[in-house]
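As structure tokens, the structure follows; a few thoughts come after it.
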Amino acid sequence: MNFKPAQLVVASIAALVATEARADAPERSPVAIGAATASPLTFARGKTSSGWLPFEYVAGTRIFVRTTVNGRSVLAMLDSGASSTVLDRRFAASLGLSAKGDLTGQGAGGSTPYGVIQGVTVKLGDLSWTGGDAVAIDLSAVEKQVGHPLPMVLGGELFRDAVVEIDFKNRRIAFHNPSSYRAAPNARAVALTPAGENQAISVLVEGRAAKLLFDLGNAGAVDLFPGFWEQPGFDDNRRTSTTFAGGVGGMSVQKVTMLRTIALGGATFEELPSRLEDRQSSLAARSGDLDGNIGMGVLSPFHLVVDFPHHRVLFAPPVDVTTPFRVNHGGLTLQAGPSGSKVLYVAPGSPSAIAGVAVGNVIVAVDGRSAGGQNGTWQDGPVGRTVRLRLADGQEKTVTLARYF
């Protein structure tokens, strides 16, 4: 792809938009299902797919797939919400690649500097992308949020030019040639519509139609923008709390709540968490006609075929509608570190607040086990579970997990 300074680069984790870009810029004309454009990606002779590739499912929310970048093998994070491939500046420098341009963009949490890297070659199994351009930004802060090394984010051209099939049950992924891919007869096709350089899907949120950015880089279930959740009737008698969220550029306090139902792909999901973005949120501020963002929490129960070239998503059975959604029952926002998890935020009235956990505390052990490298998945445990935390200063705190929003 040829990256332009005004091109939109959106993702829940690696969100970036050049300051010249406008959220209300005209969208590209929708392409009818079945009318794919030619792909610049190439496959090995006689192949029409990368073949099945295993992936690491980090914290049950992030897909990391083994990728070869300019001859270097790394684990790269998959993100359909990123409209360009992103390289961490440190990783790019280790490859001898330099970023051109001194640009400033708007990320999910604020402004951030970035540049453009040329001559990037990516290989995934039998698929290759040679001599392309990528965006270079500092991913170190995001890496701490994710709790996993983050040298690269795979997005953009990979999703625009290949059919991406994700088998969550067997932890494997394949990238297919869109001109030859044939959908399984039992898959349910749902149309996508262009949203800037990304794609959006229509779902039902508690019975109301919502247009949501399709974002595999969003570790949560659903984020809703003010244009949707501020409508009369939505917030009536609804319990809410707050969390600390963001991405490239910084983080901010946002509201959270529970949604009664979400319906898409022929399935209805019940009792799922949602972040309610405020009007100052970078993503919400440039949302255009989007009502929010749909992420891994809702998409991972399916056998998923992401077919951006044909402007559709295929939802195939079996579909898991019985496993409860991951809900933070502790109230902490944590930053993973080698020796423990640093507390960045404590939700008021949450179990951790009641237990006396404070911002700046470093949790070094959870139930007697080292917390080094952890990003707080213990908070997703069942209501009523008691968790013993040991802090770096020697204090011990007992947190009883509970639904506080």
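Please work out the C-alpha center-to-center distance from the range 213-258 to the range 143-183 and express it in whole Å. Distance between centres, Cα-based: 25 Å.
Just to be sure I understand: with springs between alpha-carbon atoms less than 10 Å apart, which residue in 183, 191, 99 has the highest mean-square fluctuation in the Gaussian network model of the chain? Its mean-square fluctuation being the largest, the pick is 183. If only the Cβ of Lys and Arg carry +1 and only the Cβ of Asp and Glu carry -1, the dipole of the range 188-266 around its Cα centre is close to 220 debye. Which residues' amide hydrogens lie under 5 Å from the amide hydrogen of residue 217, considering only partners 5 or more residues apart or on another chain, with H built in the peptide plane? Residues meeting the amide H criterion: 12, 80, 81.
What 222 nm value per residue comes from the helices of the chain, counting each DSSP H run with n ≥ 4 as -39,500 (n - 2.57) and dividing by all residues, nearest 500 deg cm²/dmol?
-1500 deg cm²/dmol
For the range 124-180, the square roots of the Cα gyration tensor eigenvalues, ordered a ≥ b ≥ c, give a/c of at least 1.5 with a/b no greater than b/c, which places it in the oblate category. Computed from backbone phi, the HN-Hα couplings of the range 316-331 come to 10, x, x, 10, 8, 10, 9, 5, x, 6, 5, 10, 6, 9, x, x Hz, rounded to whole numbers (Karplus: 6.51 cos²θ - 1.76 cosθ + 1.60, θ = phi - 60°; Gly and Pro given as x). Backbone amide hydrogens, once placed in the peptide plane, bring residue 345 within less than 5 Å of 333, excluding anything fewer than 5 places away on its chain.
Converting phi to 3J(HN,Hα) with the Karplus coefficients 6.51, -1.76 and 1.60 and the offset θ = phi - 60°, the range 142-148 yields 5, 4, 5, 5, 6, x, 7 Hz in sequence order, with x at every glycine or proline.
Every number in this text was worked out from the coordinates using simple rules, so none of it is lab data. In this text the structure is predicted, and so the values were computed from the model without any measurement. Please note: Cβ atoms are built from the backbone with ideal geometry, for glycine as well, and neighbour counts cover all protein chains shown.
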